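Colleague: Below you'll find the structure I mean.
Readers should treat all values here as calculations from the given coordinates under stated rules, not as data from a laboratory. If you're wondering where the values come from, they're calculated on a predicted model, not measured in any experiment. Virtual Cβ from ideal backbone geometry, glycine too; neighbours counted across all protein chains shown.
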Amino acid sequence: MKTQPIGIFDSGIGGLTVLKELKKILPNEQLIYFGDTARIPYGTKSKELVQQYALEDAAFLLQYNVKMVVVACNTASAMAIDVLKERLDIPVVGVVIPGAKGAVRDTANKKIGVIGTSATVNSNAYSKAIKQISTTETEVISKACPLLVPVVEEGWLDEQATYLILQKYLKDVLQENIDTLILGCTHYPLLQDAIRKVTGPSVKLIDSGSETAEFVKNILAEKNLLNDLARMGEDQFFVSDIPQKFEEIGSRFLGEPLRNVQRIDFDKFLITHQKLF
Ligand code: DGL
């Protein structure tokens with residue numbers, strides 16, 4: 001079990017923010033990444049559809065005999081984590097609980113902001129998690145920022161238009177005097193520098209990617225699944241549509257060339273593997 005890879009999925013490129021953190025603290029682990037670029041965005045879709053997609057994405061990863069599934073996508077974590085845990089017989093880790101824990105740990109004034117897709121914000125998954133974890137009364141101010149995903153997918157990480165959009169979205173949240181802001185969407189850590197310029201240095205940004213990586217490490221250790229032996233192979237990247245943009249932005253983001261991203265025919269996979277989900 002220990003040498004088996006870890007599977008990670010997201011609706012697109014954003015999950016690389018989680019993968020990057022996993023690589024940093026778990027260099028021995030082989031990672032298999034699936035980005036569902038053909039069906040992105042998830043953040044505008046219904047709970048039923050996101051649950052179905054999440055089960056299908058996980059089923060794709062199971063083919064690689066993964067020892068754990070990391071749901072890098074916030075929307076899928078917010079809407080489908082229970083159903084995934086119920087259906088898979090390996091550990092499943094989402095990003096919502098680790099992100100909420102990080103925010104509760106770091107807030108001093110007990111005012112936490114959450115930004116995410118419309119689906120994540122409407123699900124209230126972060127505020128529910130924060131209220132469960134926090135031992136004191138904590139206010140949660142949430143804001144859906146649906147334009148930010150296309151901005152990141154477009155690679156506009158430091159454009160004037162990006163700052164205008166961020167200022168508009170963050171205005172109300174910042175007015176509430178939050179001291180901590182959860183970047184509740186895989187794509188937002190790519191905008192971390194731009195977001196920091198808008199929030200100023202006094203607001204602590206919670207990157208669910210790094211929080212999740214720590215969480216994954218702890219769970220693997222607890223279950224005696226950490227790979228303390230030799231690494232089995234290279235990380236592998238799959239997408240359900242056009243790999244070029246994924247490779248281009250992904251390389252820039254990971255700081256190393258991302259080649260050989262494979263496009264898979266997901267429709268064909270779904271037809272031939274129906275029994276898996
Ligand atoms: N991966 C999604 C999330 O973290 C953002 C992109 C989408 O809407 O699918 O919520």
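Colleague: What are the aspartates and glutamates whose alpha-carbon lies under 17 Å from the alpha-carbon of K268, with same-chain residues fewer than 8 places away excluded?
Modeller: D36, E56, D57, D241
Colleague: What FRET efficiency do you get for R105 and M1 if R0 is 30 Å and r is their Cβ-Cβ distance, rounded to the nearest 0.05? Provide the component values of the computation, followed by the final result.
Modeller: On the way: r = 31 Å, r/R0 = 1.02.
So, using R0 = 30 Å, E works out to roughly 0.45.
Colleague: Counting only residues 5 or more places away or on other chains, whose amide H sits under 5 Å from the amide H of I206 once H atoms are built in the peptide plane?
Modeller: L181, I182, L183
Colleague: How far is it, in nm, from the label point at K217 to the one at Q160 when both lie 7 Å from their Cα along the line to the Cβ?
Modeller: 4.2 nm
Colleague: In whole percent, what relative contact order does segment 97-208 give with Cα contacts below 8 Å and a gap of six or more residues? Intermediate values should be presented prior to the final figure.
Modeller: Working: 174 pairs, mean separation 40.0, N = 112.
That works out to 36 percent.
Colleague: Please check: in the Gaussian network model of the chain (C-alpha springs, under 10 Å), which one of A129, A161, A80 has the largest mean-square fluctuation.
Modeller: A161
Colleague: If I model a spin label at E256 and K47 as a point 7 Å from the Cα along the Cα→Cβ vector, what separation in nanometres do I get?
Modeller: Placing both labels 7 Å along Cα→Cβ, they lie 4.0 nm apart.
Colleague: Give me the one-decimal nm value for the distance between modelled label points at K128 and I264, 7 Å along each residue's Cα-to-Cβ direction.
Modeller: A separation of 2.9 nm, rounded to one decimal place.
Colleague: Now for a different question. Using +1 on the beta carbon of Lys and Arg, -1 on that of Asp and Glu, and nothing else charged, what's the dipole of segment 97-208 about the Cα centre, debye to 20?
Modeller: Values: 12 positive and 12 negative charges, 80 e Å.
Using only the charged Cβ atoms, the result is roughly 380 debye.
Colleague: To continue, here is another question. Contour minus end-to-end for H273 and K171, with contour as 0.36 nm per residue of separation and end-to-end as the Cα-Cα distance?
Modeller: Values: separation 102, 0.36 × 102 = 36.72 nm, distance 4.64 nm.
That pair, H273 and K171, stretches by 32.1 nm at full extension.
Colleague: Continuing with the same structure: Sort the following peptides by mean Cβ neighbour count (other Cβ atoms within 10 Å, averaged over residues), highest first: 142-149, 115-122.
Modeller: Working: 142-149: 20.6, 115-122: 24.0.
Ranking, from highest mean packing down: 115-122, 142-149.
Colleague: Here is a further query. What net charge do the residues around A80 carry, taking every other residue with its C-beta under 12 Å from that of A80, with Lys and Arg at +1 and Asp and Glu at -1? Don't skip to the answer; put the middle values down first.
Modeller: Numbers: positive: K45, K47, K85, R87; negative: E48, E56, D57, D82, E86.
Within the 12 Å Cβ shell, the charges total -1.
Colleague: Just need the relative contact order of the chain here, percent rounded to a whole number, with Cα pairs under 8 Å and 6+ apart. Could the numbers behind the result be given before it?
Modeller: Numbers: 522 pairs, mean separation 73.0, N = 277.
So the answer I get is 26 percent.
Colleague: Let me spell out the model: positive unit charges on the Cβ of Lys and Arg, negative unit charges on the Cβ of Asp and Glu, origin at the Cα centre of the chain. What dipole size does that give, in debye rounded to 20?
Modeller: Working: 31 positive and 34 negative charges, 84 e Å.
My answer is approximately 400 debye.
Colleague: I want to make sure I understand the PRE zone here: with the label point 7 angstrom from the Cα of E137 toward its beta carbon, which residues in segment 179-193 have backbone N atoms less than 20 Å away?
Modeller: From segment 179-193, the list is 179-180.
Colleague: Using amide H atoms built 1.01 Å from N in the peptide plane, name the residues 5+ places from I141, or on other chains, whose amide H lies under 5 Å from its own.
Modeller: I112, G113, V114
Colleague: Expressed as a rounded percentage, what relative contact order does segment 1-148 have, with Cα pairs under 8 Å and six or more residues apart? Display every interim value, and only then the final one.
Modeller: Details: 240 pairs, mean separation 33.9, N = 148.
Normalised by residue count, the contact order of segment 1-148 is 23 percent.
Colleague: When the Cα atoms of segment 97-208 are enclosed in a convex hull and the volume is divided per residue, what value in Å³ results? Could the numbers behind the result be given before it?
Modeller: On the way: hull volume 9.3 nm³, N = 112.
Convex hull volume per residue, Cα atoms: 83 Å³.
Colleague: Using only Cα atoms, figure out Rg for the chain and give it as a multiple of 2.2 N^0.38 Å.
Modeller: Details: Rg = 17.8 Å, N = 277, 2.2 N^0.38 = 18.6 Å.
Rounded to two decimals, the normalised Rg is 0.95.
Colleague: Oh, and also: Of the candidates V261, V93, V239, which one comes out as most mobile in a Gaussian network treatment of the chain with C-alpha springs shorter than 10 Å?
Modeller: Looking only at V261, V93, V239, the largest GNM fluctuation is found for V261.
Colleague: Further, regarding this structure: Would segment 1-118 count as rounded, prolate or oblate if I go by the C-alpha gyration tensor, calling it rounded below 1.5 in a/c and otherwise prolate when a/b exceeds b/c, oblate otherwise? Spell out each step's value before the answer.
Modeller: Numbers: a/c = 1.74, a/b = 1.20, b/c = 1.44.
The shape class here is oblate.
Colleague: Based on the alpha carbon coordinates of segment 134-186, what radius of gyration and maximum Cα-Cα distance (Dmax) apply, in Å?
Modeller: Both quantities, over Cα of segment 134-186: 13.1, 41 Å.
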